[in-house]
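Enquirer: Starting off with a structure, shown below.
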Amino acid sequence: MSVYLVRGKGWRYDFTKNGVRHTATWFRLKADAQIAEAEKRKELQQEQEVGPEPPQHLQTVEVKTPTDMAFLDLVNRRLDYVKAYNSQRHYTDYLYLARRWVKQWGELLVNQISQDMLMAFLFERTKVSNITANKEIRYLRATFRYGIRKKWVQSDPTEEISFFPTEEIVRMVPSSAELDKVIAAAEEEPDTQDYLWTIRDTLARVSEVNRLTWNDVNFNARHVILYTRKRKGGHLTPRKVLMTNKLFEVLSRRYAARDKSKPWVFWHTYWDNKTGELVQGPYRDRKRIMKTLCEKAEVEYFRFHPIRHSGATLMDNNNVPLGAIQKILGHRNRSTTELYLHSMDKSDREAMETFERAREQESHTKSHTDSHTARAVEKVMSCN
């Protein structure tokens, strides 16, 4: 095997030709090592055909700038990048879309993919929804621009493509009573109840709860440490969230009954399709359970993320400062936190009360004027 991985260092190629060993290290991606090996073999073949190179001072230096690459290679490199630097959920979404692209253009070079080809594909995706088509645009654009940034390709065929119009909808944000019903519906699944309480009382992202280990739980200081990749560069960023009494009760009970060989707070045994074996590890996504629980609780369906919105709105309605909500949610920007708040603030209520008073006063004034005018007309007519 001429290309192989050395853990903790990276990929390398290593081969022997005409009794001479040729090797280079450490490439971040396997594809990079394969390309470098191919170039080296080509260089050795050319030397064999044309003879030794002239002395260095007589050589003409030629700078080669890559102008294109296979679309399949670009997609694979982008996927490797996303897997290394983004969340598992983002990678899974990317992979799902990429498989569809490869069926369309997997045998083409990047510069053979035209805007017209993309538009035909996107119009087909609008048959699902404009939101679906817009997601394809975002991910395709990120792929092409990644290639440009790496100087593998020169153009982005999505550059002149506009997003399709969408209809803004008010998302389902469960109330405290509805959350109580859903959690109660999981009474036969204590592990699921604990999972939901942990999301609810930390306002955490699902990926953060799935990643939670017992080393991240501090019972003495009564806080948990959550890690997220929602920052530039994909670095895991920690934040502390204080435990509520309910969360302290849940985690204390789980800690006392834990399997000491497992570091995770929540884990399961599942079938790994790659290895064909049963393995144990943290959850990645548990979205299926929410549909079942919502139906059982007779509550409109929602997934895990709206639980964050619900908690943020509840705090905002009870005058918790925006900065504190932002910190708990783990948002870098205040504007992101504001999008989570589905409450009507005091100024909204005051505005509507003013509107109602003004409308009623205007209606009363107009009614009084019309009545006065009618009486005056009636008096004139009676005189005649």
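The values are calculated or read from the model by the stated rules, or taken from the named source; none is laboratory data. As the structure is a prediction and not an experimental result, all values here were calculated from the model. Neighbour counts run over all protein chains shown; Cβ positions are idealised from the backbone, glycine included.
Enquirer: Is it the case that K246 is loosely packed, with under 15 Cβ neighbours inside 10 Å, within 24 Å of the chain's Cα centre (by Cα) and part of a helix (DSSP H, G or I)? Break it down into steps so the answer makes sense when it comes.
Expert: Working: loosely packed, with under 15 Cβ neighbours inside 10 Å: yes; within 24 Å of the chain's Cα centre (by Cα): no; part of a helix (DSSP H, G or I): yes.
So K246 does not fit the description; no.
Enquirer: Further, regarding this structure: Kindly state which helices (runs of 4 or more DSSP H) lie completely within segment 175-236 and contain at least 1 residues that are small (G, A, S). Please lay out each step first, then the result.
Expert: On the way: elements: 176-184, 190-202, 206-211.
Helices (runs of 4 or more DSSP H) meeting the threshold: 176-184, 206-211.
Enquirer: Could you tell me whether T198 is in contact (Cβ under 8 Å) with a residue 24 or more places away in the chain and surrounded by 13 or more Cβ atoms within 10 Å (Cβ to Cβ)? Don't jump to the end; show me each part of the working.
Expert: Numbers: in contact (Cβ under 8 Å) with a residue 24 or more places away in the chain: yes; surrounded by 13 or more Cβ atoms within 10 Å (Cβ to Cβ): yes.
Judged against the criteria, T198 is a match.
Enquirer: Let me ask something additional. Mind listing whichever residues of segment 195-218 are under 17 Å from M290 (Cα atoms) and basic (K, R)?
Expert: R200, R205
Enquirer: State all residues of segment 182-203 that are hydroxyl-bearing (S, T, Y) and farther than 15 Å from K287 by Cα; if no residue qualifies, say none. Walk me through how you get there before you give the answer.
Expert: Step one: of segment 182-203, the residues hydroxyl-bearing (S, T, Y) are 192, 195, 198, 202.
Hits for segment 182-203 are T198, T202.
Enquirer: Now, a different point. Is there a residue in segment 270-282 that is charged (D, E, K, R) and touching a residue at least 12 places away in the same chain (Cβ under 8 Å)? So that I can check it myself, show each step before the final result.
Expert: Going residue by residue through segment 270-282, those that are charged (D, E, K, R) are 272, 274, 277.
Of the ones still in play, those that are also touching a residue at least 12 places away in the same chain (Cβ under 8 Å) are none.
The answer is no, given that none of the residues of segment 270-282 is charged (D, E, K, R) and touching a residue at least 12 places away in the same chain (Cβ under 8 Å).
Enquirer: Between residues in segment 158-171 that are among the basic types (K, R) and residues that are at pLDDT 85 or above, which pairs lie under 8 Å by C-beta distance while being six or more apart or on different chains?
Expert: So the pair list comes out as R171/P306; R171/H309.
Enquirer: Would you list the helices (runs of 4 or more DSSP H) that sit entirely within segment 1-117 and hold 1 or more residues that are of a type in the set (V, I, T), under 28 Å from the mean Cα position of the chain (by Cα) and modelled with pLDDT of 75 or more? So that I can check it myself, show each step before the final result.
Expert: Working: elements: 30-50, 71-85, 88-105.
Filter on segment 1-117 gives 71-85, 88-105.
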